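Readers should treat all values here as calculations from the given coordinates under stated rules, not as data from a laboratory. Keep in mind it's a predicted model, so treat the numbers as computed, not measured. Note that we place each Cβ from the backbone using ideal geometry, even for glycine, and neighbour counts take in every protein chain shown.
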Amino acid sequence: MDFKEELKMITEKNEGVLSMAIVGYDGITVAEYHKSGKKNPMIEESVLESTRMLKTSSKTFSDHELGEAFETVITTEQLHIIFRALSKDYFVYSALNHHAIVGKIRFEIRRRANDFKKAL
């Protein structure tokens, strides 16, 4: 599977998607696509910092026998960021502006999550 092409397809098909990436919880990016053609360092840094929070949240829910957390959406004044766990080692994220339909992008990611998992 060409991860970058899959991410590009989702990004280009949906209004408001700024960037998407498949990233390891160790911070190493497997594949990424940015609609503008270049990374936004502020988004990248925020995503990497958020991975610690995602791991902690998932462990907390699991420790309380509520199951693993597999999706988180963070909304700021400027954008939405969707995180979707693919495995214990990898997740996909998407940064969206406020023109995006968040539910539609969540659905697109969820629809492809199993294919991403199998290919990792």
From DSSP H assignment alone, runs of 4+ in the chain each adding -39500 (n - 2.57), the sum over residues rounded to the nearest 500 puts [θ] at 222 nm at -14500 deg cm²/dmol
A chain fully extended from L120 to I28 at 0.36 nm per residue, minus the present Cα-Cα distance, gains in nm 31.8 nm
Relative contact order of region 3-119 (C-alpha contacts under 8 Å, at least 6 apart) in percent is 28
Diffing region 104-111: the Karplus 3J(HN,Hα) column from phi (6.51, -1.76, 1.60, θ = phi - 60°), in whole Hz with x for Gly and Pro, holds 5, 5, 4, 4, 4, 5, 4, 4
Over 24 Å (Cα to Cα) among K55/K118; K4/K59; K35/K88; K4/K38 -> K4/K59; K35/K88
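Could you give the dipole magnitude of the chain about its Cα centre, charging the beta-carbon of Lys and Arg +1 and that of Asp and Glu -1, in debye to the nearest 20? Could you put the intermediate results ahead of the total?
On the way: 18 positive and 18 negative charges, 54 e Å.
For the chain, the charge dipole is close to 260 debye.
Starting from the eigenvalues of the Cα gyration tensor, five times each then square-rooted, give me the equivalent ellipsoid semi-axes of the chain, largest first, whole Å. Can you show the working numbers first?
On the way: eigenvalues 92, 52, 39 Å².
Here the semi-axes work out to 21, 16, 14 Å.
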Once phi for every residue in region 2-15 is put through the Karplus expression 6.51 cos²θ - 1.76 cosθ + 1.60 (θ = phi - 60°), the whole-Hz ³J(HN,Hα) values, with Gly and Pro written as x, are 8, 4, 4, 5, 5, 5, 4, 4, 5, 5, 6, 6, 10, 4
Karplus ³J(HN,Hα) for region 40-55 (6.51 cos²θ - 1.76 cosθ + 1.60, θ = phi - 60°; Hz, whole; x = Gly/Pro) runs 9, x, 5, 5, 4, 5, 4, 5, 5, 5, 6, 4, 4, 4, 4, 5
